[in-house]
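Engineer: Okay, handing you the structure first.
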Amino acid sequence: MKITHATTRVLRMPADNPLIVGLPAPTETREFVTLELGTDQGLVGVGLTFFGGALTPALKVAVDTLAQLVMGDDPTQVEAITGKARRAAGSSGPGGIFALALSAVDMACWDIKGKAVGQSVCALLGGLRDRVPTYASGALMRPHPVKYLAEAGPRLVGMGFRQMKMQCGSEPTVAASVERVRVMREAIGPDVDLMCDINQLWSVNQAIEIGRRIEPYHLYWLEDPTAHDDYPGLARIADALTTPIAAGEYHYGIVPFRHLLERRSIDIVMIDLLRVGGITQWMKVAGMAEAFNLPVVSHLVPEMHVHLVAAIPNGLTVEYMPWTLRLFEETPAIEHGQLVVPKKPGLGLAFDQATVKRYQVG
């Protein structure tokens, strides 16, 4: 089997979130680069990538370039394709646009690989489970007032979620941060897992002080409490708190995860499929985490991450961030707070052509 053609597009869509109810519709947009990678056997694999910002056109060019580079290659030979792309890119990797572009090509190859043998990507990777826990994300954001959080939390529980994530970090005082977490915990009760994302906004000392004061509310994890590359600082926080520390979404490639693990900087390894460089690299990080007896969680694109988290023994939960749901004809179902692995071959995804037609800008 050989790769024979590729189609890439830029879609600009409203930056909405279907889990948010009762707030004004956002005026911002969100851009995605999509890839359809075709073969001489009629199989087509789908991939996507994005990061936001003004460089989306450059990202599309990078995806185009890597896709053209592998024309004539066997899409099932994912390591060979990764190696070829890395050599051709020279010193432009392993991070940044190179990793983001490689991820789209890599996931499209895995999609083809699954379709070629009639198995899901989850099955190809080990097929440990047919479903995995998932948590509501993006509905309890930093700008939202505390009153809204108190209403939104129970609404998410009513939708079937047993886990959800809120944001903190921009509050004017320590007391305000503590109050925000308290309100959320009391709104959803003690039996729903509650995570809190700081997005690197605290100093190490802030994280330790506030982290200790919110320990009575039993967070499932505290995410990215300080700068993502402050490995010793993260280790100080992890050592000082009983609350598990999760981080990793900001890292490109696999090497930074070795530093996080060796420094014992984190308790939960969060891997971003797009930044790590695709499914091939994601699985390598998951294996490293398993060797350190640490669980793995995902960041964004739940439609694809469900296959990965469900396939590995240390997969903990999938972030249900519904930014990309509208891109596809059908997405994985949620049953009793768990995301169900699609039974269709490959990733089980197809781009919704009506969405493509409506939102394509490049």
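Engineer: For region 129-234, how big is Rg over Rh, using alpha carbon atoms and the Kirkwood form of Rh?
Structural biologist: That ratio is 0.97, to two decimals.
Engineer: Take the Cα radius of gyration of region 171-218 and divide it by 2.2 N^0.38 Å, with N its residue count; two decimals is plenty. The partial results should precede the final answer.
Structural biologist: On the way: Rg = 10.8 Å, N = 48, 2.2 N^0.38 = 9.6 Å.
For region 171-218, the normalised Cα radius of gyration comes out at 1.13.
Engineer: Once phi is turned into ³J(HN,Hα) by the Karplus curve 6.51 cos²θ - 1.76 cosθ + 1.60 with θ = phi - 60°, what whole-Hz value does each residue of region 216-228 show in order, with x for glycine and proline?
Structural biologist: Calculated HN-Hα couplings, in order: x, 9, 6, 5, 5, 7, 10, 9, 6, x, 9, 3, 5 Hz.
Engineer: Also: Go ahead and run the numbers for FRET between Glu179 and Val361, Cβ-Cβ distance against an R0 of 30 Å, rounding to 0.05.
Structural biologist: Once the sixth-power term is evaluated, E becomes 0.10.
Engineer: Assuming R0 = 25 Å, can you tell me the calculated FRET efficiency for the pair Glu290 and Asp191, based on Cβ-Cβ distance, to the nearest 0.05? All intermediate terms of the calculation are to be shown ahead of the outcome.
Structural biologist: On the way: r = 28 Å, r/R0 = 1.13.
So the FRET efficiency works out to roughly 0.30.
Engineer: Shifting gears a bit: Compute the distance in nm between two label points, each set 7 Å from the Cα along the Cα-to-Cβ direction, one at Arg212 and one at Glu79.
Structural biologist: Rounded to a tenth, the inter-label distance reads 4.8 nm.
Engineer: Non-local amide H neighbours of Gly315 (under 5 Å, H modeled in plane, Pro and chain starts lacking H): which ones?
Structural biologist: For Gly315, the qualifying residues are Val296.
Engineer: At 1.4 Å probe size, with the rest of the protein present, what percent of the exposed accessible area of the chain is carbon and sulfur atoms?
Structural biologist: 54
Engineer: With a/c under 1.5 counting as rounded, go ahead and sort region 292-362 into rounded, prolate or oblate using the C-alpha gyration tensor (a ≥ b ≥ c being the square roots of the eigenvalues; past the cut-off, prolate if a/b is larger than b/c, else oblate).
Structural biologist: Judged from the Cα gyration tensor, region 292-362 comes out prolate (a/c at least 1.5, a/b above b/c).
Engineer: Using amide H atoms built in the peptide plane, which far-off residues or other-chain residues are under 5 Å from Asp73 H to H?
Structural biologist: So Asp73 has HN proximity to Ile3.
Engineer: Based on the alpha-carbon gyration tensor of region 71-133 and its eigenvalue square roots a ≥ b ≥ c, which shape applies: rounded if a/c is under 1.5, prolate if not and a/b is larger than b/c, or oblate?
Structural biologist: Cα axes put region 71-133 in the oblate bin.
Engineer: A further question follows. How large is the convex hull of the Cα atoms of the chain per residue, expressed in Å³ as a whole number?
Structural biologist: Spread over its residues, the Cα hull of the chain gives 130 Å³ apiece.
Engineer: OK, next. P(r) of region 262-303 in 10 Å steps, Cα pairs, percent per bin?
Structural biologist: 29, 57, 14, 0
Engineer: Over all directions, average the projected area of the Cα convex hull of region 207-362 and note it in nm².
Structural biologist: Taking the Cα atoms of region 207-362, their convex hull projects to 10.9 nm² on average.
Engineer: Still on this structure, I have one more. What is the set of long-range amide H partners of Glu223 at a cut-off below 5 Å, with H atoms built 1.01 Å from backbone N?
Structural biologist: Excluding prolines and chain starts, which carry no amide H, the hits are Cys196, Asp197, Ile198, Ala246.
Engineer: I've got another one for you. Counting only heavy atoms of protein chains, what accessible area per residue, in Å², does the chain have with a probe of 1.4 Å?
Structural biologist: With the other protein chains kept in place, the chain gives 39 Å² per residue.
Engineer: Return the FRET efficiency for the residue pair Ala227, Ala354: r is the Cβ-Cβ distance, R0 is 51 Å, and the value is rounded to the nearest 0.05. If you can, show how the numbers build up before the last one.
Structural biologist: Details: r = 42 Å, r/R0 = 0.82.
E between Ala227 and Ala354, to the nearest 0.05, is 0.75.
Engineer: If we sort 239-249, 50-60 on the protection proxy, mean other Cβ atoms within 10 Å, highest first, what's the order?
Structural biologist: Descending mean neighbour count gives 239-249, 50-60.
Engineer: Another question about this same structure. Read phi for every residue in region 316-330 and hand back ³J(HN,Hα) as whole Hz from Karplus 6.51 cos²θ - 1.76 cosθ + 1.60, θ = phi - 60°, with x for Gly and Pro.
Structural biologist: 9, 6, 10, 6, 8, 9, x, 5, 9, 4, 5, 5, 10, 4, 8
Engineer: Determine ³J(HN,Hα), in whole Hz, for all residues of region 8-22 in sequence, where each value follows from phi through the Karplus function 6.51 cos²θ - 1.76 cosθ + 1.60 and θ = phi - 60°; x replaces Gly and Pro.
Structural biologist: 10, 9, 10, 10, 10, 10, x, 7, 9, 8, x, 7, 8, 10, x
Engineer: Pairs Lys284/Lys344; Lys2/Lys357; Lys84/Lys284; Lys113/Lys343; Lys60/Lys284; Lys113/Lys344: which exceed 22 Å Cα-Cα? Please list the in-between numbers first.
Structural biologist: Working: Lys284/Lys344 25 Å; Lys2/Lys357 28 Å; Lys84/Lys284 18 Å; Lys113/Lys343 15 Å; Lys60/Lys284 26 Å; Lys113/Lys344 13 Å.
Correct reply: Lys284/Lys344; Lys2/Lys357; Lys60/Lys284.
Engineer: What is the packing order of peptides 337-346, 173-182, taking the mean over residues of other C-beta atoms within 10 Å and listing the highest first?
Structural biologist: Result, highest mean first: 337-346, 173-182.
Engineer: With the cut-off at 1.5 for a/c, could you classify region 5-125 from its C-alpha gyration tensor as rounded, prolate or oblate? Don't jump to the answer; show the numbers that get you there.
Structural biologist: Numbers: a/c = 2.28, a/b = 1.46, b/c = 1.56.
Oblate shape, in that a/c is at least 1.5 and b/c is the bigger or equal ratio.
The values are calculated or read from the model by the stated rules, or taken from the named source; none is laboratory data. Since the structure is predicted, the reported quantities are computational estimates derived from the model, not experimental observations. Don't worry about glycine lacking a Cβ; one is built from the backbone with ideal geometry, like all the others, and counts go over all protein chains shown. Ligands, DNA and RNA are excluded from the accessible area calculation, which covers all protein heavy atoms including side chains. Shrake-Rupley method; radii C 1.70, N 1.55, O 1.52, S 1.80 Å.
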